[in-house]
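**Student:** Have a look at the structure that comes next, please.
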């Protein structure tokens, strides 16, 4: 009873065996997958996947890498997609100051515009935050009042974790928790409330140990869950149940 709260099944790396990957996830107890978009084309694919597969739900949005290509009409389209039955979030959106593939001021503008869409459509958001912790917090405090959502593949500090939880957000934990250099993650996982934790793969990226270096896929979310359960000193079945309930709650999945 696992829920992969963040995947990219629409990625071209799955073009040759997408059906098999989704079937393998079900065989391994992954009963639900949120497919997060990265651009407008990816958003369209995400919506299509949610229509075709019973256990897949869609998020639509423009990743900070693609913020430079955003058009005014895109926000109207994101709002229109948000009305689809299995579209459950605006995402992934946010800031990426590691690659800086879009100018930072443009990233921030596109981020806040999509938060506005989420507010208008009463949708949660999925946040991408890489090396932009301070600005993410500033945007959420200034422009995100009343908005809820998830910081996916959380990489901030314990102090940031506590702050975003106060703001109504959840933390999603991905494959890096299984890495030897997991750094701050174990401390954070032990300290934050269980009812605010999700698990994810971010596949095809961030493959957990012992498959690191290979393509990631939703069935591997159980490896993330096992490590999170181990860190919290609890049974993995209980961890899977609670994180699945958390995912359904934040994304309003019945």
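Taken together, the values in this text are just the output of simple stated rules run on the coordinates, not laboratory data. These numbers come from a predicted model, not from an experiment. For neighbour counting, all protein chains shown are included, and Cβ atoms are generated from backbone atoms with ideal geometry for every residue, glycine included.
**Student:** Tell me, what is the percent relative contact order of the chain, built from C-alpha pairs under 8 Å that lie six or more residues apart? Walk me through the numbers on the way to the answer.
**Tutor:** Numbers: 527 pairs, mean separation 50.4, N = 254.
Reported as a whole number, the value is 20 percent.
**Student:** From the list (i) 18.1; (ii) 12.0; (iii) 15.9, can you say which value of mean projected area of the Cα convex hull in nm² was derived from the structure given?
**Tutor:** Calculated mean projected area of the Cα convex hull in nm²: the matching label is (ii).
**Student:** If you don't mind, another one. Based on the Cβ-Cβ distance from residue 1 to residue 230, what FRET efficiency comes out when R0 is 22 Å, to the nearest 0.05?
**Tutor:** Once rounded, the FRET efficiency stands at 0.75.
**Student:** Sticking with this structure for a sec: Beta carbons within 10 angstrom, averaged per residue: use that to sort the peptides 175-187, 39-51, highest first.
**Tutor:** Working: 175-187: 16.5, 39-51: 19.5.
Going from most to least packed, we get 39-51, 175-187.
**Student:** Using only alpha carbon pairs under 8 Å that are at least six residues apart, calculate the relative contact order of segment 28-67 and give it in whole percent. Don't skip to the end; give the middle numbers.
**Tutor:** Details: 63 pairs, mean separation 18.6, N = 40.
Once divided by the residue count of segment 28-67, the mean separation gives 46 percent.
**Student:** To continue, here is another question. Based on the mean of other beta carbon atoms within 10 Å per residue, what is the order of 134-140, 91-97, 223-229, most packed first? Before the final figure, lay out the partial values.
**Tutor:** On the way: 134-140: 17.7, 91-97: 25.4, 223-229: 22.7.
Ranked from most to least packed, the peptides come out as 91-97, 223-229, 134-140.
**Student:** Going by Cα centres, segment 197-239 and segment 83-125 are how many Å apart?
**Tutor:** Centre-to-centre (Cα) distance: 25 Å.
**Student:** Continuing with this model, one more query. Calculated FRET efficiency, residue 163 and residue 26, Cβ-Cβ r, R0 41 Å, to nearest 0.05? Please report the intermediate quantities before stating the final value.
**Tutor:** Details: r = 37 Å, r/R0 = 0.89.
Here the calculated transfer efficiency is 0.65.
**Student:** In nm, give the distance between the simple-model label positions of residue 18 and residue 73, each being 7 Å from the Cα along the Cα-to-Cβ direction.
**Tutor:** 2.4 nm
**Student:** Normalised by the residues of segment 53-200, what does the relative contact order come to in percent, with Cα pairs under 8 Å and at least six apart?
**Tutor:** Once divided by the residue count of segment 53-200, the mean separation gives 19 percent.
**Student:** Anyone know which of 125, 90, 147 comes out most mobile in the 10 Å Cα GNM of the chain?
**Tutor:** Maximum fluctuation in the GNM of the chain, among the listed residues, is at 147.
**Student:** Mind ordering 233-244, 151-162 by average Cβ neighbours within 10 Å, highest first?
**Tutor:** Working: 233-244: 16.6, 151-162: 19.3.
For the peptides 233-244, 151-162, the packing ranking is 151-162, 233-244.
**Student:** Given segment 1-81, report the % of alpha carbon pairs whose separation exceeds 16 Å.
**Tutor:** Working: 1659 of 3240 pairs.
The proportion of pairs with Cα distances above 16 Å equals 51 percent.
**Student:** Over the Cα atoms of segment 40-162, what Rg and Dmax result, in angstrom?
**Tutor:** So, for segment 40-162, Rg and Dmax equal 13.8, 41 Å respectively.
**Student:** Using the number of other C-beta atoms within 10 angstrom as an exposure proxy, rank 99, 53, 220, 205 with the fewest first.
**Tutor:** Numbers: 99 10, 53 19, 220 25, 205 15.
Least crowded to most crowded, the residues run 99, 205, 53, 220.
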